[in-house]
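One structure below.
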Amino acid sequence: MSVQWLIDGAIQGSVLALGAGGVTLTYANLRFGHFAHGELVAAGGYLALATVGLLGGAVPALGAALGPTTVSGALLVGTLVAGAGVAALALLLERFVYRRLRARAAGISAVMASFGVSMALRALLESAFTSSPRYYSEELSIAIERGGVRATPDQLLVAATALALLLAVHLVLGHSRLGRSMRAAAENPALAAVTGIDVGRMAMASWIVVGLLAGVTGVAIGVLGQVRPAMGAELLLPFFTAAVLGGLGSLPGALVGGLLVGLAESWAVATAGSEWRGATAFVIFVAVLGLRPGGLFGRPA
Amino acid sequence: MTALEVRGLVAGYESGAPAVRGVDLVVRAGEFVAVIGPNGAGKSTLVRAIAGVVPASAGEIRVAGQDLGKLPAYRRARLGLGFVPQTENVFAALSVRENLVLVAECAGRPAAAGIEVALGAFPELAPLLGRPAGVLSGGERQRLAVARALIAQPRVLLLDEPSAGLAPPVVERLLATLRALAAEGLAVVLVEQNVRAAFAVADRVELLVAGECRLAGSPASLAADPAFAAHYLGVPRPGAPA
Amino acid sequence: MTIDLAGLLAYAASFGVLAAINVVICLSLELQWGRAGLFNAGVAGFVAVGAYASALLTAEPAAGHLAGPGLPVIAGLAAGSVTAGALSVAVGSLARRLRGDYLAIATFGAAVVLELLLRNLTPLTGGPLGLAFIPRPFAGLADRPLAFALASFAWVGFIALVLYVGIGRLVDGPWGRTLRAVRDDERAAASLGKSPVRFRLEAFALGGALMGLGGALKAHTLGFIAPEHFPPTLTFQVWAMLVLGGAGRRQGAVLGAVLVTALWSATDLLLAFFVPAGAQAQLAPLRIVVVGALLALGLLWRPRGLLAERLRVSRYL
Ligand SMILES: Nc1ncnc2c1ncn2[C@@H]1O[C@H](COP(=O)(O)OP(=O)(O)OP(=O)(O)O)[C@@H](O)[C@H]1O
Ligand SMILES: [Mg+2]
């Protein structure tokens, strides 16, 4: 068997890591499993698509692909729009749905609401854009071949961006005043408040970071594949699995977890067939729960 | 000058009757007030309500004349109201250093100054700076919690049984530190189970029973009250069987 | 449009069948969430397992793509419940302490994988086309729509009623009291020698089995099933039913099930009669938005549902 599956797995894994990073951050800072993360991702995909449609038509120079990739200048702008737009969407959800539910003793009602939000957002996307797939570019990214393995410039760009973004978020949250305050507010809101931290604002800041990650995740998936209303929801299970595998709440954990799940999926596809890709994550999830419920980097629960 | 002025404070939890029913508490700058009372009297609820962690349903809370009663807890903290809760009073997942730095940052002070203040009060925290606060022993944790509150340089400091679980010499040093801070103008409200310790440091003692202030006065005057002395100081009532 | 009384009655009866099945499923979720505080994000998967198990066991050997043993429908219903119950034990044991978000992810994941299996294990499940020729009780009446609808409503409604009463007995009995104690204060219950994990697993398994029964009922009233009969939106509808009606009370589950089924059918009719065919595909997803908004509003404004659980102080714990 060729080692091509390793490359494919690492590339897919970097995208999963990006999604898992959003899930794990929501869990760490907002204290619940957010089942609508997939729809935040899809919203990012469509926001970038709309931007490409508008800008690419209006400013032809922006429509052209950059270097060997199929990514256009318009899509780069679209990525920013996706990040900012999804952050705004997440803030709206926090304001009108999650804020009050998170405060409840029965924490699961926020999870339940996120389930409803997920269905509703996906239905809205379907209604607005239909469920047929869309693409950022008509062009094909031509694979580069080195030593018998292939990767397209698009794939390399996406993987590098994903890793860089995760690393940046990790550094900022780990070593900045904002990150410390966010962690403090998540752990003990009452103590944070009497320390002088505006806990509500920290939650909003967390949603902004989560929205940013989700928006970029959507663009990443769209560049490598298709833009569809279910593009994020289909990956929710791998996102969660990667986050749990790495240890819920840990960004480096999400990165490693994402890569491992990506590699496992790719291996399963290479050996068992592509229809079983979706089951791989669940098998890993089951194994983690059985063997090491705290994940690789998490504290034992 | 009046540092803290609480008038007619009523506060409690969703379930049941209010735990604090119309408490008045006035503390001058530099004054050291001890709040004592039986378990469940509402002492913690009183200081929590002043700090803004438990909502007050009636009453006024003023710090240096400014009405804080309607402000969220974090604004009160920034306006000079310090609070050391009875439990869960450090961030377990953050390192000791981060715990200290966080308060300094929130108070707009340099991180180094914050650590200096903390180590000045409790030098024994120095070797622990790198550890997660969650692994500290009970006594170490209490010291970190008090150190955190000192860094912000509050006008009014509320402490909810900070001496619980500390060895007697450490308690003595803690109380001496608070006494010294009061001498520099800090208004201290100390909730304390150990009545003797409270009497030793406080300028004034408030006795809280069932959410109401039953007695208040200087330690000397309270000690002279035979009913109080019998109940809280273990002084035998004249004529009672030994 | 002439008003046809028999047609209207037949419509009402088939609505009743739908509502009764949803009542069964919602009662099972009520057991899991309302009584035991267990979050199940994969209801559709457990329902599907019951439906497929029952369908496979009851289909006639001659039915074509699958050589069924042709067992009677009642055996199918039992088998569907047992299969779904066993699956619940398996999934429940995964999230060992059956708490919080891990259980949510485990059930969600189980449903994802089940759907994958239904679509891909074609020799067994018929793949995307699903299974047909599933025996329907009173199928002899099928050419008289009114009689058939009424007969279907009678037997499905009867089962729902039996479950309603049976679950009532169970949750008001000693088992239900312990369960409530475990839900409300795990540590206190554990200190009295009740194993919280065991009671939760029992509630989860029983709830899962009843979801399977609901699925089996669906199979034997429709006569054919396919993966798209058990989409993730089904899970979400059942949750909306329970949250709207009020968890912690069987009456709430029933009310919620009937209301959401009615809302769903009403929007179906509205779409069919008032929206041009071209726009239907675009507007159909909006029904989910309506139910989603209801769910969110219910959680926010009436977190205990229309019929809230009566608070009670247990005499035993
Ligand atoms: N979080 C809470 N929710 C509901 N009731 C509470 C809560 N905290 C305290 N109470 C109740 O409020 C009353 C006052 O409690 P509080 O903690 O203020 O007493 P305390 O004087 O600090 O006691 P202790 O000396 O034991 O610390 C008690 O009856 C207690 O049961
Ligand atoms: Mg107390």
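Rule-based calculations on the coordinates, nothing more; no lab input. Small disclaimer: the values here were computed from a predicted structure and weren't measured. Note that we place each Cβ from the backbone using ideal geometry, even for glycine, and neighbour counts take in every protein chain shown.
Worth pointing out:
- Candidates B:102, B:150, B:81, ranked by Gaussian network fluctuation over chain B, Cα under 10 Å, top entry: B:102
- Length gained on full extension, residue C:297 to residue C:71, computed as 0.36 nm times the residue gap minus the Cα-Cα distance: 76.8 nm.
- The range B:129-220: antiparallel DSSP beta bridges as a percent of all, rounded to 5: 50 percent
- The per residue volume of the convex hull around the alpha-carbon atoms of chain C is 144 Å³.
- Kirkwood hydrodynamic radius of chain B, from inverse mean 1/r over distinct Cα pairs, in Å: 18.4 Å
- Placing a label point 7 Å from the Cα of residue A:234 along the Cα-to-Cβ direction, the residues of the range A:253-291 whose backbone N falls under 19 Å from that point are A:261-283.
- Enclosed volume per residue, in Å³, of the convex hull spanned by Cα atoms of the range C:195-257: 101 Å³
- Vicinal HN-Hα couplings computed from phi for the range C:137-142 (Karplus, 6.51 cos²θ - 1.76 cosθ + 1.60; Hz; Gly/Pro x): x, 6, 4, x, 8, 4
- Percentage, to the nearest whole number, of Cα pairs in the protein assembly as shown over 42 Å apart: 44 percent
- Looking at the range B:36-149, the pairs of alpha carbons with a distance over 24 Å make up 34% of the total.
- Residue of C:246, C:193, C:130 that the Gaussian network model of chain C assigns the largest fluctuation, springs spanning Cα pairs under 10 Å: C:193
- Note on residue C:124 and residue C:268: their simple-model spin labels are 3.0 nm apart, each label 7 Å out from Cα toward Cβ.
- Once the chain from residue A:132 to residue A:201 is taken as fully extended at 0.36 nm per residue, the excess over their C-alpha distance is 21.0 nm.
- As a calculated quantity, the FRET efficiency between residue C:169 and residue B:196 at R0 = 60 Å, using C-beta atoms, amounts to about 0.50.
- Along chain C, counting only trypsin sites (Lys or Arg not before Pro) with a DSSP assignment other than H, G, I, E or B and at most 10 other Cβ atoms inside a 10 Å radius, the longest segment between sites is C:1-309.
- Amide H contacts of residue B:58 (H built 1.01 Å from N, under 5 Å, at least 5 apart or other chain): B:10
- The range A:56-139: chymotrypsin sites (Phe, Trp or Tyr not before Pro) falling in loop per DSSP and having at most 14 other Cβ within 10 Å: A:135
- Label-to-label distance, nm, for residues given as residue C:143 and residue B:225 (7 Å Cα→Cβ offset): 9.7 nm
- Förster radius 41 Å - calculated FRET efficiency between residue C:4 and residue C:304 (Cβ-Cβ, nearest 0.05): 0.45
- Distant-in-sequence amide contacts of residue A:72, defined by a placed amide H-H separation under 5 Å and a gap of 5 or more residues or a different chain, comprise A:66.
- Mean separation of Cα contacts under 8 Å, 6 or more apart, over the residue count of the range A:1-129: relative contact order %: 27 percent
- Sum of -39500 (n - 2.57) over DSSP H runs of 4+, divided by residues of the protein assembly as shown (222 nm, nearest 500): -20000 deg cm²/dmol
- Calculated log₁₀ intensity ratio I(q)/I(0) where the Debye formula runs over C-alpha points of the range A:27-125, q = 0.25 Å⁻¹: -1.21
- Spin-label pair residue B:135/residue B:116, simplified geometry with 7 Å Cα→Cβ offset, distance in nm: 3.0 nm
- Amide H to amide H, with H built 1.01 Å from N, residue B:157 comes under 5 Å of B:82, B:187, B:188, B:189, counting only residues 5 or more places away or on other chains.
- Against the empirical 2.2 N^0.38 Å (N residues), chain A has a Cα radius of gyration ratio of 0.98.
- Of all beta bridges that DSSP places with both ends in the protein assembly as shown, some 60 percent have antiparallel geometry.
- Integer Hz, Karplus 6.51/-1.76/1.60 couplings in order for the range A:202-209, x for Gly and Pro: 5, 4, 5, 4, 4, 5, 5, 5
- Cα gyration tensor shape of the range C:87-232, rounded if a/c is under 1.5, else prolate or oblate by comparing a/b with b/c: oblate
- Applying 0.36 nm per residue to the separation of residue C:60 and residue C:198 and subtracting their alpha-carbon distance, the gain on full extension is 45.8 nm.
- Note, ³J(HN,Hα) from phi for the range C:269-284, Karplus 6.51, -1.76, 1.60, rounded to Hz, x at Gly and Pro: 4, 4, 4, 5, 8, 10, 10, x, 3, x, 8, 4, 4, 7, 8, 3
- Taking A:164, A:243, A:185 as the candidate residues, the one with maximal mean-square fluctuation in a Gaussian network model of chain A, Cα springs under 10 Å, is A:164.
- Most simply put, chain B has about 55% antiparallel DSSP beta bridges, counting only bridges with both residues inside it.
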